[in-house]
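What follows is one structure encoded as structure tokens, with my remarks underneath.
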Amino acid sequence: MGMNTDTWYQQLIKPSWAPPGWLFGPVWTVLYVIMAVSFGAVFYKAATKQLSWLVTLPFVLNLVFNLAFTPLQFGLKNNLLAAMDILLVLVTLIWAMAVIFPYMRWVVYANIPYLLWVGFATILQLTITYLNWK
């Protein structure tokens, strides 16, 4: 039987600046609260026809790619797929922030921590993928 996920991730070569594993849970908890409130407000405005559903498209895609990361990285243990996925998370987040800015600027401001973390996570994942490339 293969090694468990914790052992697999711990054995990966990581950069010296990688945060400790325990930090990811609290950070993502805060970010998911921000996303629930802000993305929920966008979906509500679309559902009540105050916003076009097209404006919600990058938000939906961002959620899909965000939720796909853990199964790709820790389920499949595939750094390359996880790296491609986190790039899609970053791109769809920037897209979402750009399209919502004219309508709901507070959503953009509220998601700055998410953008900063995803930017950091993207660099981290790309670095881990490179360092462990075989």
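What follows is calculated from the coordinates using simple rules that are stated; it is not laboratory data. Since this is a predicted model, take the numbers as computed values, not measurements. Here the Cβ positions follow ideal geometry from the backbone for every residue, glycine too, while neighbour counts run over all protein chains shown.
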Hits in region 44-74 (condition: polar (S, T, N, Q) and within 13 Å of the chain's Cα centre (by Cα)):
Asn62, Asn66, Thr70, Gln73
Those residues of region 90-108 which are part of a helix (DSSP H, G or I), among the aliphatic types (A, V, I, L, M) and closer than 15 Å to Phe39 by Cα amount to Leu93, Ile94, Ala96, Met97, Ala98, Val99, Ile100, Val107, Val108
In this structure, does Ile34 turn out to be assigned to a loop (DSSP other than H, G, I, E, B), at negative phi, surrounded by 11 or more Cβ atoms within 10 Å (Cβ to Cβ) and of a type in the set (Val, Ile, Thr)?
no
Exactly one condition in (1) in a helix (DSSP H, G or I); (2) hydroxyl-bearing (Ser, Thr, Tyr); (3) in contact with a Leu (Cβ under 7 Å, 6 or more places away or on another chain) is not met by Thr56; state its number.
(3)
Within region 71-89, is there a residue that is outside any helix (DSSP H, G or I), crowded, with 17+ Cβ neighbours inside 10 Å and of a type outside the set (Ser, Thr, Tyr)?
no
Given (1) on the phi > 0 side of the Ramachandran plot; (2) without any contact (Cβ under 8 Å) to a residue 12 or more places away in the chain, index of the condition Lys77 fails
(2)
